[in-house]
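Enquirer: Take a look at the following structure, please.
Please treat every number below as a calculation from the coordinates, not as lab data. Since the model is a prediction, treat every value here as computed from it, not as a measurement. Every residue, glycine as well, gets a Cβ built from its backbone with ideal geometry; the counts of neighbours run over all protein chains shown.
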Amino acid sequence: MRVIRVQAEAFDIQQEYDALCTGNREDGAVVFFVGRVRDMNDGDAITGLHLEHYPGMTEKTLASIAERAAQRWLLNRIRITHRFGELYPADAIVFVGVSSPHRQAAFDGAAFIMDHLKTEATFWKKEKTPNGNRWVTSRDSDQQRLAHWQQGEITDERD
Amino acid sequence: MKTVQLKFFARLREQLGIAEIAIPADQAPNLDSLMNWLQTQHPHWREALEQPLTRAVNEEVVNDNVDLNPGDQVALFPPVTGG
């Protein structure tokens, strides 16, 4: 069961967790990640965030990432919700949750999805600071994280 | 007139001051020729277009010079920063 949502509205983390669990007796592990707006970045106070995205391509990319994760690990349920529009410090931006019979697949699957979301999903953040607004630039460390999944050092996978 | 649709996002959209343009398909048989046409038609966009940009055709990232067809949707954007 895969659910991908890109929306302006806030989401409810309890509901997301429940949706991974309700009627699910085969999975012994649930892992989820929530990305939130911080009130500081690169030494400046952040008063808000504008998140732009590419409607259509964003959903397609997230579905492709979920598919690649599901091919590598046994993930019976995958839920990805990402917000766009105006957000403020402490707001939740993204939810990535997976369920699996065993914990290692769930940990790795969720991390794989999040790492690829950071480098592939068509979102762009613009920060509001007391000195004006600025587009966030991508981090090399996010790109480097991907190598981790390519070197085959993860003992997966679907067995 | 048959066209290829070109979309810009985020910082690039702001720098160019436009979100979307239509390009005559006969001027853009492939991605490289589309980029050349842009630079010729809009020389003042050169600097913005020379920053690191991702290219997508019909909502898929492409790294090579692919052929384009009328009705295709091309997008140019800076590295993504979601999550």
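Enquirer: What whole-number value in cubic angstrom gives the convex hull volume per residue for the C-alpha atoms of chain A?
Expert: About 109 Å³ per residue, rounded to a whole number.
Enquirer: Evaluate peptide A:58-65: per residue, the Cβ atoms of other protein chains within 10 Å of its Cβ; return the mean as an integer.
Expert: Going residue by residue through A:58-65 and averaging, the value is 2.
Enquirer: Taking Cα pairs under 8 Å and at least six residues apart, what relative contact order does chain B come out at, in percent?
Expert: Relative contact order of chain B: 42 percent.
Enquirer: If you don't mind, another one. Under the rule of at least 5 residues apart or a separate chain, name every residue whose amide H is placed under 5 Å from the amide H of B:LEU68.
Expert: B:ASN30, B:LEU31
Enquirer: Round to a whole angstrom and tell me the spacing of the C-alpha centers of segment B:8-83 and segment A:76-129.
Expert: 27 Å
Enquirer: Ranking A:ILE4, B:ILE21 by Cβ neighbours within 10 Å, fewest first, what do you get?
Expert: The fewest-first ordering by Cβ neighbours comes to B:ILE21, A:ILE4.
Enquirer: Over the alpha carbons of segment A:53-99, what is the largest minus smallest coordinate on each principal axis, giving the biggest first in Å?
Expert: Projected onto its principal axes, the Cα set of segment A:53-99 covers 35, 24, 11 Å.
Enquirer: For A:ALA63, what charge total do you get from the other residues with a beta carbon under 15 Å from its beta carbon, if Lys and Arg give +1 and Asp and Glu give -1?
Expert: The answer is +1.
Enquirer: Are there trypsin sites (Lys or Arg not before Pro) in segment A:1-99 that DSSP marks as loop and that have at most 13 other Cβ atoms within 10 Å, and which are they?
Expert: For trypsin sites (Lys or Arg not before Pro) across segment A:1-99 that sit outside H, G, I, E and B with at most 13 neighbouring Cβ atoms in 10 Å, the list reads A:ARG25, A:ARG38.
Enquirer: How much net charge surrounds B:GLN15 when only the other residues with a Cβ under 12 Å from the Cβ of B:GLN15 are counted, with Lys and Arg +1 and Asp and Glu -1?
Expert: With Lys, Arg at +1 and Asp, Glu at -1, the neighbours total 0.
Enquirer: Moving on to the next point. So which of A:LYS60/A:LYS126; A:LYS125/B:LYS2; A:LYS128/B:LYS7; A:LYS118/B:LYS2 end up more than 29 Å apart, counting from Cα to Cα?
Expert: Listed pairs above 29 Å: A:LYS125/B:LYS2; A:LYS118/B:LYS2.
Enquirer: Right, here's the next one. Counting partner chain Cβ atoms within 10 Å of every residue's Cβ in A:117-124, what's the average?
Expert: For peptide A:117-124, the averaged partner shielding equals 6.
Enquirer: Test of the criteria: in segment A:19-98, which GluC sites (Glu not before Pro) are in a DSSP loop and have at most 15 other Cβ atoms within 10 angstrom of their Cβ?
Expert: A:GLU26
Enquirer: Also, quick follow-up: At 222 nm, what helix-only mean residue ellipticity would chain B give, in deg cm²/dmol to the nearest 500, using -39500 (n - 2.57) for each DSSP H run of four or more?
Expert: When only DSSP H runs of four or more count, the value is -7000 deg cm²/dmol.
Enquirer: Given the DSSP H assignment, sum -39500 (n - 2.57) over each helix run of at least 4 residues in chain A and divide by its residue total; what's the result at 222 nm in deg cm²/dmol, nearest 500?
Expert: Calculated mean residue ellipticity at 222 nm is -11000 deg cm²/dmol.
Enquirer: Suppose we keep just the alpha-carbon trace of segment B:3-71; what are its Rg and Dmax in angstrom?
Expert: So, for segment B:3-71, Rg and Dmax equal 11.4, 28 Å respectively.
Enquirer: Would you tell me the mean number of C-beta atoms belonging to other protein chains that fall within 10 Å of each C-beta in B:69-82, as a whole number?
Expert: Per-residue shielding by partner chains comes out at 6.
Enquirer: Determine the relative contact order of segment A:15-135: mean sequence separation of Cα pairs under 8 Å and six or more apart, normalised by residue count, in whole percent.
Expert: 39 percent
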